[in-house]
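Each value in this text was obtained by applying a stated rule to the coordinates, not by laboratory testing. Note that the structure is predicted; figures quoted are calculated from it, not measured. Glycine also receives a Cβ, built like all others from the backbone with ideal geometry; neighbour counts cover every protein chain displayed.
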Amino acid sequence: MMPLKKKRRIQILLMTVLALILSTAMIGYAMRDGINFFRSPSEVVSEAPREDEVFRLGGLVKEGSITAPEGVRFDFVITDSNADVPVKYVGDNPRPDLFGDNQGTVATGTYKNGTFYATELLAKHDENYMPREVIDALKDQGVYVDPNAEKAGN
């Protein structure tokens, strides 16, 4: 027969482990929609994601591709110089002030029938800033040019 004190310790340990597993599962369940994976245009073109998958698409805004069909909604193309993805902004916020041609941007949304439907846009916030994910994707494609390198050469 097991002593009462030892039995109580085992019960407390089992309850603690069960509570930890339950809380981890609840956190994971709560975050399932909050985690958005980043992709470059080349990755999206080579392997299209599911139509219901929300993810972030990043790259450069292709020069001359921005059109404003109605109100705050507009279209543009995100490129990484190897692939282009047409984007329709369907969010409710106006275009960011620093959003423009050849600028780094990250859009959050879904990809359907060859078009990315963005609900949120992030644009650079000064002349040298570009989101880290965009820089990494452009470096992987071999097309990233460091703006600070040009200034250092002068």
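Calculate one ³J(HN,Hα) per residue across the range 8-24 by plugging θ = phi - 60° into the Karplus curve 6.51 cos²θ - 1.76 cosθ + 1.60, and present them in order as whole Hz with x for glycine and proline.
Going residue by residue, I get 5, 4, 5, 4, 5, 5, 5, 5, 5, 4, 4, 5, 5, 5, 5, 5, 5 Hz, with x marking Gly and Pro.
For a protection proxy built on the mean count of beta-carbon atoms within 10 angstrom, sort 76-89, 18-31, 106-119 highest first, please.
Ranking the peptides 76-89, 18-31, 106-119 by packing returns 76-89, 106-119, 18-31.
Rounded to the nearest 20 Debye, what is the dipole magnitude of the range 1-84 about its Cα centre when Lys and Arg each give +1 and Asp and Glu each give -1 at the C-beta?
In total the dipole reaches around 1500 debye.
Would you mind ranking E51, E120, E43 so that the residue whose beta carbon has the fewest other beta carbons within 10 Å leads the list?
If I rank by nearby Cβ atoms, fewest first, I get E51, E120, E43.
State the extension gain, in nm to one decimal, for the chain segment bounded by L14 and D84, taking 0.36 nm per residue of separation less the distance between their alpha-carbons.
Full-extension gain reported as 19.8 nm.
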